[in-house]
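Enquirer: Take this structure first; my questions come after.
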Amino acid sequence: MATEKSHKAVLTGVDLVSIERIRAASGRERFLARVFTEKELEYSFGKRLPYRHLAGRFAAKEAFIKALSSIGPSIALKDVEVVNSDSGAPCLKTSPKARALLGGRQAFLSISYSNGLALAFVAIQ
């Protein structure tokens, strides 16, 4: 008799955003406060091209929320924070609410930039 292994599906999310759109929105303090953590703002504004980094972080948050949308209620943009690992690679730090939705799964993040756009891809397994 064959037995079936229980596998959880890989969840994915992707988002593409214009760096210029994020630069324009960043002129409104309310947008920055609603979307980004203090650490994300400090990191991004400490870089030569801050809006590029803000756009990448915005896309990463949106991609993560899209990936989670198939398994639970929506979370706020600040329930996930983009941080950098010791190697410099971007990774996700989640709030207790987001961790509960993950249910022990791990989230992987990739961010790319091209022609004024930031693209983020998240895989959860």
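Only the coordinates and a few stated rules stand behind these numbers; no lab work does. It should be emphasised that the depicted structure is a prediction, and the values quoted were computed from it without experimental measurement. Neighbour counts are summed over all protein chains in view; Cβ atoms, including those assigned to glycine, are modelled from backbone coordinates with ideal geometry.
Enquirer: Report, ordered by the first and then the second residue, all pairs with beta carbons closer than 7 Å, sequence separation of six or more or different chains, a first member in region 42-67 that is under 19 Å from residue 21 (Cα atoms), and a second member that is among the charged types (D, E, K, R).
Expert: If the second residue must be among the charged types (D, E, K, R), the pairs left are 44/57; 51/23; 53/47; 57/40; 59/15; 62/15; 63/15.
Enquirer: Restricting to region 32-57, count the residues that are surrounded by 15 or more Cβ atoms within 10 Å (Cβ to Cβ) and either on the phi > 0 side of the Ramachandran plot or not small (Gly, Ala, Ser) (or both).
Expert: Result for region 32-57: 13.
Enquirer: Next question. Could you count how many residues in region 46-62 are farther than 14 Å from residue 83 by Cα and aromatic (Phe, Trp, Tyr)?
Expert: Of the residues in that region, 1 qualify.
Enquirer: Sticking with this one: Mind checking whether some residue in region 65-72 is more than 9 Å from the chain's Cα centre (by Cα) and over 20 Å from residue 12 (Cβ atoms)?
Expert: So far as region 65-72 goes, no, none of its residues is more than 9 Å from the chain's Cα centre (by Cα) and over 20 Å from residue 12 (Cβ atoms).
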